[in-house]
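In what follows, a structure is listed as structure tokens, so that the remarks can point back to it.
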Amino acid sequence: MGILATERLVLRDWTVDPADLARIFDIYSRPEVARWLNAPGLPMTDPAQAAERLAAWRQRHANHGDRYGTWAIEVRDTGVVAGTVLLKPLPGRDEGVLTEDIEVGWHLHPDEWGHGYATEAARAVVTRELATGTPRVWAVVAPGNTASAAVARRLGMVHVGRRTDWYGGEEVDAFVLHAEA
């Protein structure tokens, strides 16, 4: 994706720069962030895990060019990395097999909650993705995560209920945004 800019944000690749790695650790070591992600190795407990996480993100997107990725959300005015926005094919019930369904997601540092950064960043990547001809984009939200559900709704996504067809059968709240005809 390179760099995608919005009014207040720059969406860019995470780097191996020590400041980026420290911020990855700071975000993903927080129980209030990790509790909603149901991801192995979270919350992080060792700063070295940030480099491992970044390498895993890069590996996950290696065959997709710049179309899909896990990007840093940087606030233009301050240079602070508020969090992460991602766009990727969803893994199916067999997590080793990717589906045709495309997911948008966001993970922000708690200090950056409530500023609209998740909505602004996600809107940018969703708009770009739908412009490529993708018919719909999904948001997968852990049950009870009312903040992320609210972001999905602000994006114009519609809650279509609980589903178990992704992430190895984990039950999630599914939100969808269809491309306009």
All but one of (1) in contact with a helix residue (DSSP H, G or I) (Cβ under 6 Å, 6 or more places away or on another chain); (2) farther than 19 Å from A122 by Cα hold for T45; which doesn't?
(1)
All conditions in (1) under 17 Å from V85 (Cα atoms); (2) modelled with pLDDT of 95 or more; (3) assigned to a helix (DSSP H, G or I); (4) out of contact with any helix residue (DSSP H, G or I) (no Cβ under 7 Å at 6 or more places or on another chain) are true of R60 except (2)
Contacts under 6 angstrom Cβ, first residue in the stretch 144-160 being in contact (Cβ under 8 Å) with a residue 12 or more places away in the chain, partner among the aromatic types (F, W, Y) and surrounded by 14 or more Cβ atoms within 10 Å (Cβ to Cβ), 6 or more apart
N145/W36; A152/F175; M157/F175; H159/F175
For the stretch 99-158, what are the residues that are closer than 14 Å to W36 by Cβ, among the hydrophobic types (A, V, I, L, M, F, W, C) and outside any strand (DSSP E or B)?
W113, A118, A142, A147, A149, A150, V151, A152
Consider the stretch 48-76. How many of its residues are touching a residue at least 40 places away in the same chain (Cβ under 8 Å) and of a type in the set (D, E, K, R)?
4
Which one of these does T99 not meet: (1) over 23 Å from I27 (Cβ atoms); (2) buried (at least 22 other Cβ atoms within 10 Å of the Cβ)?
(2)
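The values are calculated or read from the model by the stated rules, or taken from the named source; none is laboratory data. Please read these numbers as outputs of a predicted model, since none were measured by experiment. Counting neighbours? That spans all protein chains shown, and the Cβs are built from the backbone with ideal geometry, glycine included.
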